[in-house]
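These notes concern the structure reproduced below.
Just so you know, all these numbers are worked out from the coordinates, no wet-lab data involved. These numbers come from a predicted model, not from an experiment. Here the Cβ is made from the backbone with ideal geometry for all residues, glycine too, and neighbour counts use every protein chain on show.
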Amino acid sequence: MITTKLIVEDIVKIIPEFEYQFGRPMKLITQKELTNYQSKVLTVLQVVSEISMSELADRLVMSKPQLTANVDVLVRLGLVERISDPNDRRKIIIRMAEKGVQYIDKTKQSMGKFYDLYYNNLTEEERLKLYLAIEDLLVLLEKLNPLSHGITLEQLKDAPAE
């Protein structure tokens, strides 16, 4: 039986590897213009078209003041837009601006060139396995999304450590 403990052990192993193998190229490509957190805001917005500041702070495990400072820069650069929630004027929604979409597209092209070189040593079969594993992981991560279960960052922080 696969226990939560076994899954957690592998998660702890895979996070730094994933960051190194997949996150590092994006950092190297975007670090000239954006900070790491600003890049992460854009990557979330390409997956979630609109998101509240609170939800975005939860996703990025970032304080709201820190997120606000990063979003301010992205707004000044024209990469994201702030809009008021029509149902709650106090709630601010963030979404990608057209310039942000273009920036992400350009970044993906650069990353593609990097990965063409980087993954050159993989066979076609290994590339397919990697692709399918990533696709499976994305499906499972969506199913596990804490926000879709109504779990907040505060609840995660308060979870008892064993």
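Tabulated values for the structure
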{"quantity": "The chain, relative contact order in percent, only Cα pairs under 8 angstrom and at least six apart counted", "calculated": "19"}
{"quantity": "Residue-averaged 222 nm ellipticity for the chain, from DSSP H runs of 4+ at -39500 (n - 2.57), nearest 500", "calculated": "-20000 deg cm²/dmol"}
{"quantity": "(1) 69, 38, 24; (2) 51, 43, 23; (3) 53, 46, 19, with the label sought being that of the calculated Cα extents along the principal axes in Å", "calculated": "(2)"}
{"quantity": "Cα-projected label distance for S63 with K106, points at 7 Å along beta-carbon direction, nm", "calculated": "3.2"}
{"quantity": "For the chain, with +1 on Lys and Arg beta carbons and -1 on Asp and Glu, the positive-most of L117, I15, T35 along the dipole", "calculated": "T35"}
